Amino acid sequence: MLFDLPDHDALYQALVDRDDRFDGQAYVCVSSTGIFCRLTCPARKPKRENCQFFGSVGECLDAGFRPCKRCHPLRPMADADPAVATLLAALEERPEHRWSEADITRFGFDLSTVRRSFKRQFGMTFLEMARQRRLREGFVALCDGARVIDAQVDAQFESPSAFRAAFARLLGRPPGSLGREGLLLADWIATPLGDMIAVSSRTELHLLEFVERKALRRELDQLQKAVKGDLGIGSAPPTEQIGAELVEFFAGRSARFQTPLAYHGSDFARAVWDQLRQIPAGQTRSYSQIAAEIGRPSATRAVARANGANQIALVVPCHRVIGADGALTGYGGGLWRKQRLLDIERQFRQVDNAASGQVLGRTSAGTRVLTGQ
């Protein structure tokens, strides 16, 4: 769970003391190096302000950090499962390789067994781990102004064509066609629940989606058409703002999002999305309740379609809508992620604030930090 760890100061002191009581229960991610370690790591201790703490290896990997080669935080998982050990070693030896199911089969492993093992240990499959590791490096390098060839090297792709193909599958366009200028700019944000793509203009956030959402490519295509292909890569003020607000959300300090939004949908869909934003964190609604609240009680199915068409995840909280029987129903980011978001939001409680109206506080002392890119 996201809120069962001690606070940052206690965890940093445990890191300094190399306290083995937290071994396997907490990990430190060091923003200055991009490495994550056990708290018992013998390496020189980083500065307090460069440390972020997570409760699982999967969260560290999702947030874009690489395992330390001194304390080997992946070793317990590898020791517990020979298949995991073999594939992690293979990935370390050939990080640039475009891993496939055929590669896993050649090692003599059952695909479904490997998939379950990696999902259980890391919250992602082996193939997802390998692909995200390579593509993230290239995306971030491009956002930082690197040339395409340099980004390809940073991403450890074996050829320019492989890098272009992977990039195009994600954004719908090769990296060379995306400059540092554009009416819309795409950027990469890493969160404890997985990597996200944010697309913003200079004044508004247009898209925020988890990178593996199946509809992402179609949504990006529609945005590109809306701006006649003028999509670039890099950060914009709304992306910086939503990144900071996501930090507050995952740290358990606030579930209020104030980043200006740009909706792309019909008047009906916009009404649904506005109503979704009225659902307090920690609460849920059914599709029929939303339909009644917008004055269209017979439009339950249309509400469900509008909910699924939302392309600004978390901020427009479509994850707070469930079936009339209490079932989670569908979620583009995956039902496991929907459940995690609802679990996170149960930790919030409403408190009165005379200066800014209702805000959301945290019921426990634990803390989580998101790595912004």
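Scanning the stretch 39-70 for residues that are of a type outside the set (Gly, Ala, Ser), crowded, with 23+ Cβ neighbours inside 10 Å and under 22 Å from the mean Cα position of the chain (by Cα) turns up Gln52, Phe53, Phe54, Glu59, Cys60, Leu61, Asp62, Phe65. Does any residue of the stretch 169-183 turn out to be hydrophobic (A, V, I, L, M, F, W, C), farther than 28 Å from Arg305 by Cβ, modelled with pLDDT under 80 and surrounded by 15 or more Cβ atoms within 10 Å (Cβ to Cβ)? Taking every residue of the stretch 169-183 in turn, at least one turns out to be hydrophobic (A, V, I, L, M, F, W, C), farther than 28 Å from Arg305 by Cβ, modelled with pLDDT under 80 and surrounded by 15 or more Cβ atoms within 10 Å (Cβ to Cβ).
Pick from Ser286, Ser298, Ser254: which is exposed (fewer than 15 other Cβ atoms within 10 Å of the Cβ) and not basic (Lys, Arg)? Going through Ser286, Ser298, Ser254 in turn, just one is exposed (fewer than 15 other Cβ atoms within 10 Å of the Cβ) and not basic (Lys, Arg): Ser298.
From the list Val84, Val140, which residue is at pLDDT 75 or above, closer than 26 Å to Phe54 by Cβ and either among the basic types (Lys, Arg) or surrounded by 16 or more Cβ atoms within 10 Å (Cβ to Cβ) (or both)? Break it down into steps so the answer makes sense when it comes.
Working: Val140 fails: at pLDDT 75 or above.
Going through Val84, Val140 in turn, the sole match is Val84.
Condition check ((1) of a type in the set (Phe, Trp, Tyr); (2) touching a residue at least 24 places away in the same chain (Cβ under 8 Å); (3) under 18 Å from Gln121 (Cα atoms)) across all residues:
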position: Asp7; (1), (2), (3): no, yes, no
position: Ala14; (1), (2), (3): no, yes, no
position: Arg18; (1), (2), (3): no, yes, no
position: Gly24; (1), (2), (3): no, yes, yes
position: Ser32; (1), (2), (3): no, no, no
position: Cys37; (1), (2), (3): no, yes, yes
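Selection of strands (runs of 3 or more DSSP E) fully inside the stretch 194-253 by the criterion of at least 1 residues being among the charged types (D, E, K, R) and touching a residue at least 24 places away in the same chain (Cβ under 8 Å) returns 194-200, 205-210. Of the residues making up the stretch 304-345, those that are of a type in the set (Val, Ile, Thr) and over 12 Å from Thr284 (Cα atoms) are Ile312, Val315, Val316, Thr329, Ile344. In summary, helices (runs of 4 or more DSSP H) completely within the stretch 255-352 and bearing 2 or more residues that are under 18 Å from the mean Cα position of the chain (by Cα) and modelled with pLDDT under 95 occur at 335-345. Here is a check on your reading of the model: is Glu248 at pLDDT 95 or above and either more than 20 Å from the chain's Cα centre (by Cα) or of a type outside the set (A, V, I, L, M, F, W, C) (or both)? No; evaluated as a whole, the condition is false for this residue.
Of the listed requirements (1) assigned by TED's automatic domain parsing to the domain that holds Val321; (2) free of Cβ contacts under 8 Å to residues at least 12 places away in the same chain; (3) not polar (S, T, N, Q), Arg285 misses just one: (2).
Table: residues versus (1) in contact with a strand residue (DSSP E or B) (Cβ under 6 Å, 6 or more places away or on another chain); (2) in the same structural domain as Val211 (by TED's automatic domain parsing); (3) outside any helix (DSSP H, G or I).
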site	(1), (2), (3)
Gln25	no, no, yes
Cys37	yes, no, yes
Cys41	no, no, yes
Asp103	no, no, no
Gly108	no, no, yes
Thr113	no, no, no
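Filtering the stretch 191-248 to residues that are of a type in the set (Ser, Thr, Tyr) and touching a Ser or Thr at 6+ places or on another chain (Cβ under 6 Å) leaves Ser200, Thr239. One residue stands out among those in the stretch 118-127 that are out of contact with any Leu (no Cβ under 7 Å at 6 or more places or on another chain) and buried (at least 21 other Cβ atoms within 10 Å of the Cβ): the one that is modelled with the lowest pLDDT, which is Gly123.
Working carefully through the options Val84, Val28, find the one that is closer than 24 Å to Asp17 by Cα and of a type in the set (Val, Ile, Thr).
Of the residues listed, the single one that is closer than 24 Å to Asp17 by Cα and of a type in the set (Val, Ile, Thr) is Val28.
Criterion applied to Arg164, Arg147 was being modelled with pLDDT under 80, farther than 25 Å from Pro73 by Cβ and loosely packed, with under 14 Cβ neighbours inside 10 Å, and the one residue passing it is Arg147.
Go through the residues of the stretch 58-73 one by one and say whether even a single one is within 18 Å of Thr40 (Cα to Cα) and among the aliphatic types (A, V, I, L, M). No, because not a single residue in the stretch 58-73 is within 18 Å of Thr40 (Cα to Cα) and among the aliphatic types (A, V, I, L, M).
In the stretch 104-121, the residue that is nearest to Leu61 (Cα to Cα) out of those that are polar (S, T, N, Q) and free of Cβ contacts under 8 Å to residues at least 12 places away in the same chain is Ser112.
The values are calculated or read from the model by the stated rules, or taken from the named source; none is laboratory data. Since we're looking at a predicted model, the values are computed, not measured. With ideal geometry, Cβ positions are generated from the backbone for all residues, glycine too; neighbour counts draw on all protein chains shown.
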